[in-house]
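Just so you know, all these numbers are worked out from the coordinates, no wet-lab data involved. If you're wondering where the values come from, they're calculated on a predicted model, not measured in any experiment. Backbone-built Cβ (ideal geometry, glycine too); neighbour counts: all protein chains shown.
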Amino acid sequence: MSCIRFNTPAQRQAMRDHRPVMLDAEALPKAHPTPPVTASKIARLRVLARSESAKIRESVASNHHTPVDVFAALARDPDAGVRSCIARNEHVPVDVLRSLASDESEVVRGFLAVNFVVPIDVVRSLADDESDIVRGLVNWKNALADA
């Protein structure tokens, strides 16, 4: 079997005529609008935040429509994966993020270190973290900001 394509000029022109249109960053949301956030969606997020499955709780922690009180509760979740999702979510309130600065998991603190909405006082405390990895991530993020 050959990997060479034998398309006629008419076939090649038809493929060019029917290729997908590339949308820019402004046109894409207009072409594919997101559904509105309704009270029922918020209610579902609240129910899912109490799931026995850590993966489902991680999904809620990653959602930018999650209510503030649910973010605060998930920041105290026993599963480090859930807390990591809170730490990297840029829509989590600053006070909730600040509460994770002394988390027992270096993975959580590492995600917190690279989150660009974390307050500078938290970043400074993470720069002196006991973990080489967390300190390295703070230095890496600072180098990106300076570039």
ask   = Where in region 94-133 are the helices (runs of 4 or more DSSP H), entirely inside, with at least 2 residues that are under 19 Å from HIS64 (Cβ atoms)?
value = 94-99, 106-114
note = Listed by first then second residue, the pairs whose first member lies in region 22-33 and is free of Cβ contacts under 8 Å to residues at least 40 places away in the same chain, whose partner is assigned to a helix (DSSP H, G or I), with beta carbons under 7 Å and at least 6 positions apart or on separate chains, are LEU23/ALA31
inquiry  = I'd like to verify a number: residues in region 16-45 that are surrounded by 10 or more Cβ atoms within 10 Å (Cβ to Cβ) and of a type outside the set (Val, Ile, Thr), how many?
reply    = 8
ask   = So which of ALA10, ALA87 is in contact with a helix residue (DSSP H, G or I) (Cβ under 7 Å, 6 or more places away or on another chain), assigned to a helix (DSSP H, G or I) and not β-branched (Val, Ile, Thr)?
value = ALA87
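Only one of these is acidic (Asp, Glu) and more than 19 Å from the chain's Cα centre (by Cα): ASP77, ASP17. Name it.
So the residue among ASP77, ASP17 that is acidic (Asp, Glu) and more than 19 Å from the chain's Cα centre (by Cα) is ASP17.
Which one of ILE42, ILE56 is among the β-branched types (Val, Ile, Thr) and in contact with a helix residue (DSSP H, G or I) (Cβ under 6 Å, 6 or more places away or on another chain)?
After applying the criteria, what remains is ILE56.
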ask   = Quick one: is ARG12 among the basic types (Lys, Arg) and free of Cβ contacts under 8 Å to residues at least 24 places away in the same chain?
value = yes
remark   = For region 52-72, the count of residues that are among the polar types (S, T, N, Q), surrounded by 17 or more Cβ atoms within 10 Å (Cβ to Cβ) and more than 14 Å from ILE42 (Cα to Cα) equals 0
